[in-house]
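Asks: Right, I'll just put the structure down here and ask away after.
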Amino acid sequence: MIDRAYIGVVSEPRVIDVEKGQLKFFARATGTRDPIYFDEAAAGRAGHRALPAPPTFLFSLGLGAPAKRGDLFTDMCIDVARILHGEQSFRYHQPIYAGDRITLVTQTVDIFEKKGGALEFVVQETRATNQHGELCASMRIVTVVRNG
């Protein structure tokens, strides 16, 4: 059983730089065709100051800067072979751009069980702010842990 004491735990701030190559790679990998994600001139014509991050790119930033405090694998000691991706949602406040320095902070907001403890659910929310302290996006992830 996952220790419920992790509910409310807030990670340390993690800083990650957003690079053009990362954005282009993610756009290609997700099948994006819009030139604003590949061509700086096209992005500029569309009103962007640089290449914008494609939708859901925040998830990749989180993988690039994993938390130590409140992390599923190292801190909570959950076996990666037992997890399933349950749910994920994003709220966008303003674009993330190539050249931005993003600070991520993750909080474990809930841990609960179903099916008599056969399944446990860890709910975490991550906030992403840019180098100016402006909230760009938030992400909510529900991870399912299979027990027994």
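Computed from the coordinates by the stated procedures, all read-outs in this text should not be read as laboratory data. Bear in mind that the values here come from a model prediction, so they are computed numbers and not experimental data. Note that each Cβ is placed from the backbone with ideal geometry, even for glycine, and that neighbours are counted across all protein chains shown.
Asks: Pulled fully out, how much extra length does the chain show between His85 and Thr30, if you take 0.36 nm times their separation in residues and subtract their Cα-Cα distance?
Replies: Answer, rounded to one decimal: 18.0 nm.
Asks: A follow-up question, please. Normalising by the residue count of the chain, find the relative contact order in percent from Cα pairs under 8 Å and 6+ residues apart.
Replies: Averaging sequence separation for qualifying contacts and normalising by length gives 29 percent for the chain.
Asks: Among Ala65, Pro52, Thr30, pick out the residue whose Cα is farthest towards the positive end of the charge dipole of the range 13-95, where Lys and Arg carry +1 and Asp and Glu carry -1 on C-beta, about the Cα centre.
Replies: It is Pro52, whose Cα lies furthest towards the positive end.
Asks: Which far-off residues, 5 or more places away or on another chain, put their amide H under 5 Å from the one on Val9, with H placed in the peptide plane?
Replies: Under 5 Å from the amide H of Val9 lie the amide H atoms of Thr108, each far enough along the sequence or on another chain.
Asks: Whole-Hz ³J(HN,Hα) for each residue in the range 93-102, computed from phi via Karplus 6.51 cos²θ - 1.76 cosθ + 1.60 with θ = phi - 60°, x for glycine and proline: what do you get?
Replies: Taking θ as phi minus 60°, the curve returns 10, 6, x, 9, 10, 4, x, 6, 10, 9 Hz for the range 93-102.
Asks: Taking +1 at the Cβ of each Lys and Arg and -1 at the Cβ of each Asp and Glu, which of Gln124, Gln107, Tyr92 sits farthest along the dipole of the chain towards its positive end, judged by Cα position relative to the Cα centre?
Replies: The residue sitting farthest along the positive end of the dipole is Tyr92.
Asks: Taking θ as phi - 60°, what are the ³J(HN,Hα) couplings along the range 68-83 by the Karplus curve (6.51, -1.76, 1.60), each to the nearest whole Hz, with x for Gly and Pro?
Replies: Each residue's phi maps through the Karplus curve to give 9, 7, x, 6, 4, 8, 8, 7, 8, 6, 8, 6, 4, 5, 9, 9 Hz.
Asks: On to the next question. Would you work out the charge dipole size for the chain about its Cα centre, treating the Cβ of every Lys and Arg as +1 and the Cβ of every Asp and Glu as -1, and quote it to the nearest 20 debye?
Replies: Once rounded to the nearest 20, the dipole reads 240 debye.
Asks: Now for a separate question. Sequence gap at least 6, Cα distance under 8 Å: using those rules, report the relative contact order of the range 26-100 to the nearest whole percent.
Replies: This gives 28 percent for the range 26-100.
Asks: Can you list residues from other chains, or at least 5 along the same chain, whose modelled amide H is less than 5 Å from the amide H of Arg69?
Replies: Distant-sequence amide H within range of Arg69: Glu12.
Asks: From the helices alone, meaning DSSP H stretches of at least four residues, give me the mean residue ellipticity at 222 nm for the chain, per-run term -39500 (n - 2.57), in deg cm²/dmol to the nearest 500.
Replies: -4500 deg cm²/dmol
Asks: For a quick check: with amide H placed at 1.01 Å from N, whose amide H comes under 5 Å from Cys136's, ignoring anything fewer than 5 positions away on the same chain?
Replies: Sorted by chain and number, the residues that satisfy this are Ala128, Thr129, Asn130.
Asks: Let me ask something else about it. Can you run phi through the Karplus equation (6.51, -1.76, 1.60; θ = phi - 60°) for the range 108-119 and list ³J(HN,Hα) in whole Hz, with x for Gly and Pro?
Replies: Listing the rounded values in order: 7, 9, 6, 9, 8, 10, 9, 6, x, x, 5, 10 Hz.
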